[in-house]
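The values are calculated or read from the model by the stated rules, or taken from the named source; none is laboratory data. These figures come from a predicted structure and were not determined experimentally. Using ideal geometry, Cβ is built from the backbone for each residue, glycine included, and neighbour counts are taken over all protein chains shown. For accessibility, only protein heavy atoms count, side chains too; no ligands or nucleic acids. Shrake-Rupley method; radii C 1.70, N 1.55, O 1.52, S 1.80 Å.
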Amino acid sequence: MPDSPAVPSTGSTPVELTAEDAKLVVLARGARGRIGAVEGAAVRDQDGRTYAAASVSLPSLALTALQLAVGSAAAAGCTRLEAAAVVTEASTLDAAGHAAVRDLAADAPIHVAAPDGTVLGTVTE
């Protein structure tokens, strides 16, 4: 995935999330697991509502999980995101999903987690 932000390495120290951000990781894992998708993602909007999604790969449509979660939030009237999480086997955050989050929040943390829910790092830029 070109131009993807690197996920900061956390070494052996686990990343501590707030309860609300940890919930996003749980929702993202659930979205991914329900259909066996490559990725799952969840976002929280300015009112505390959450939106979860899995990656889509069709002949005529391909969306990352994060793009779809942001799109669902925007379609519901979201004007600002507070935080996002993506569960993936990749070691980087996909550029398209990162850009979608930044369209609605310049500074919202994007937590990247492994399929087992272990948070690998947080992208804040």
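Here are the numbers:
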| item | result |
| --- | --- |
| Ser55 surrounded by fewer than 24 Cβ atoms within 10 Å (Cβ to Cβ), out of contact with any Leu (no Cβ under 7 Å at 6 or more places or on another chain) and over 22 Å from Glu16 (Cβ atoms) | no |
| Asp103 being out of contact with any Lys or Arg (no Cβ under 7 Å at 6 or more places or on another chain), of a type in the set (D, E, K, R), within 17 Å of Val123 (Cα to Cα) and surrounded by fewer than 16 Cβ atoms within 10 Å (Cβ to Cβ) | yes |
| Qualifying residue in the range 44-54 (condition: among the aliphatic types (A, V, I, L, M), more than 18 Å from Thr124 (Cβ to Cβ) and at pLDDT below 95) | no |
| Total residues in the range 67-100, condition in a strand (DSSP E or B), over 25 Å from Gly36 (Cβ atoms) and open to solvent by less than 30 Å² (accessible area, probe 1.4 Å) | 2 |
| Pairs, first free of Cβ contacts under 8 Å to residues at least 24 places away in the same chain in the range 43-60, second open to solvent by 50 Å² or more (accessible area, probe 1.4 Å) and part of a loop (DSSP other than H, G, I, E, B), C-beta under 6 Å, six or more apart | Ser55/Val38 |
| Breaking point among (1) assigned to a loop (DSSP other than H, G, I, E, B); (2) open to solvent by less than 50 Å² (accessible area, probe 1.4 Å); (3) closer than 22 Å to Ala19 by Cα, for Asp116 | (2) |
| Test: residue in the range 26-37 that is at pLDDT below 95, at positive phi and of a type in the set (Gly, Ala, Ser) | yes |
| Candidates Ala28, Ala41 - the one that is touching a strand residue (DSSP E or B) at 6+ places or on another chain (Cβ under 9 Å) and assigned to a helix (DSSP H, G or I) | Ala28 |
